[in-house]
Amino acid sequence: MFVNNISLHHYRNYESLQLDSFGDVNLIIGQNAQGKTNLVEALFVLALTKSHRTSKDKELISFEASSSHISAEVEKKYGSLKLELSLSSQGKKAKINGLEQRKLSDFIGSLNVVMFAPEDLEIVKGTPGVRRRFLDMEIGQVTPSYLFHLQQYQKVLLQRNNLLKTLWGKDASQQAMLDIWNMQLVEHGVKIVKKRKQFIKKLQKWAESIHQGITNGIEELRLQYLPSFADSEEEDEAVLFETFMIKLSQMKEQEIRRGMTLAGPHRDDLAFYINGKEVQTYGSQGQQRTTALSLKLAEIELIQEEIGEYPVLLLDDVLSELDPYRQTQLIETFQTKVQTFITATGIESLNTDKMKGASIFHVHSGQVDS
């Protein structure tokens with residue numbers, strides 16, 4: 001997979017930008033707050049129709065503009081695609097080769113990316129919500145149907161929570177509506193949980209091998225999914241459905257008292273262990289960084305395994321955060337097989353000896369010089 005070019009209009013601090021030629025490795029150099037992160041973010045947004053930095057689309061639109069537009073030509077093994085995404089207060093519109101897509105889930109997956117940024121350390125040491133977001137965005141890229149079930153689950157969850165807030169002190173007949181929402185919540189919830197378990201199992205295979213390589217065989221990395229209502233290994237949908245329904249029944253009174261849904265994939269977590277010890281609690285900063293790096297490198301291989309070609313790699317100000325050994329491990333992984341975009345404040349922070357022939361772009365105040 002290869003991005004040939006990109007065009008931005010009223011995207012963050014880019015009033016208008018057209019870059020017509022990218023290489024295998026692209027260095028985007030500039031001081032902070034000049035727009036280098038905005039450029040790689042635009043590629044991420046084009047891939048997933050949402051930013052890794054904000055949930056508010058209006059922040060992606062230039063000040064005083066009413067809409068923002070991103071387009072790029074992407075070369076894939078079956079041919080090239082012209083991808084376009086427009087954002088406005090009315091919502092998002094996506095096109096593939098000029099044809100508007102009825103659903104965003106039909107557009108997502110046309111461009112696959114793996115983003116690695118300093119905040120990705122939070123996947124390891126941050127809150128469960130960060131790890132759930134990581135799972136949702138990565139699974140959604142390779143399995144668009146997952147996004148459908150996730151969106152439906154979130155809609156039902158909102159309605160169910162609104163109902164729970166009104167049920168305190170009400171009799172059983174007024175609580176009957178809860179059964180309807182339970183069925184819908186569980187229907188979509190088990191699809192999410194099953195897909196997460198399958199994804200983590202595949203990610204484990206790649207991450208374990210990569211982590212051993214980075215640590216010279218000293219450390220063994222293990223991932224464990226922590227669902228809120230089922231055994232971490234169970235994947236049978238019928239069993240998951242029954243287990244989830246039983247859990248909701250058991251927690252009914254507690255949920256009514258608290259006015260919220262207390263079980264389901266929105267409360268699940270992911271744990272990381274090195275040599276049997278939990279990395280979030282007991283791992284050193286170096287081990288946490290290596291775990292995050294192993295996850296990102298595993299993502300690259302997993303996507304290739306799933307779709308038959310490598311994704312585009314986006315490294316946002318992250319190489320300077322790694323020591324020379326980890327930096328070399330990362331560079332040697334992406335060279336020759338993955339198109340890569342790297343942002344940095346200066347060339348001197350990068351191991352350029354390992355990146356011969358890289359294309360260099362200098363960013364200043366929303367302008368790019370190559």
Mind listing whichever residues of the range 255-285 are in a helix (DSSP H, G or I), closer than 17 Å to residue 220 by Cβ and touching a residue at least 24 places away in the same chain (Cβ under 8 Å)?
-> 279, 280
Taking the range 29-50 and keeping only residues that are closer than 11 Å to residue 363 by Cβ, in contact with a strand residue (DSSP E or B) (Cβ under 8 Å, 6 or more places away or on another chain) and of a type in the set (A, V, I, L, M), one is left with 29, 39, 40
Residue 97 being under 30 Å from residue 342 (Cβ atoms) and surrounded by 21 or more Cβ atoms within 10 Å (Cβ to Cβ) = no
Just give me the residues in the range 60-80 being of a type in the set (D, E, K, R) and open to solvent by less than 80 Å² (accessible area, probe 1.4 Å), in sequence order.
-> 73, 75, 76
Take the range 65-94 and flag every residue that is among the basic types (Lys, Arg) and touching a helix residue (DSSP H, G or I) at 6+ places or on another chain (Cβ under 8 Å).
-> 92
State whether the residues of the range 169-181 include one that is more than 30 Å from residue 334 (Cα to Cα), of a type in the set (A, V, I, L, M), in contact with a helix residue (DSSP H, G or I) (Cβ under 7 Å, 6 or more places away or on another chain) and surrounded by 13 or more Cβ atoms within 10 Å (Cβ to Cβ).
-> yes
Restricting the range 123-145 to residues that are of a type in the set (Ser, Thr, Tyr) and touching a residue at least 40 places away in the same chain (Cβ under 8 Å), which is surrounded by the most Cβ atoms within 10 Å (Cβ to Cβ)?
-> 143
Is one or more of the residues making up the range 314-321 part of a helix (DSSP H, G or I), touching a helix residue (DSSP H, G or I) at 6+ places or on another chain (Cβ under 9 Å) and charged (D, E, K, R)?
-> yes
Restricting the range 81-94 to residues that are open to solvent by 10 Å² or more (accessible area, probe 1.4 Å) and touching a strand residue (DSSP E or B) at 6+ places or on another chain (Cβ under 6 Å), which is farthest from residue 109 (Cα to Cα)?
-> 88
Quickly run through the range 208-254 and pick out the residues that are assigned to a loop (DSSP other than H, G, I, E, B) and either acidic (Asp, Glu) or at pLDDT 95 or above (or both).
-> 219, 220, 231, 233, 234, 235, 236
Looking at (1) open to solvent by 50 Å² or more (accessible area, probe 1.4 Å); (2) under 29 Å from residue 113 (Cβ atoms), which is the only condition residue 162 fails?
-> (2)
Here the residues within the range 25-56 that are in a loop (DSSP other than H, G, I, E, B) and in contact with a helix residue (DSSP H, G or I) (Cβ under 9 Å, 6 or more places away or on another chain) are 30, 49, 50, 51, 52, 53, 54
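The values are calculated or read from the model by the stated rules, or taken from the named source; none is laboratory data. For clarity, every value in this text was computed on a predicted model and none was experimentally measured. Heads up, the Cβs are rebuilt from the backbone with ideal geometry, glycines too, and the neighbour counts pull from every protein chain shown. Keep in mind that these areas ignore ligands, DNA and RNA; they rest on the heavy atoms of the full protein, side chains included. Shrake-Rupley method; radii C 1.70, N 1.55, O 1.52, S 1.80 Å.
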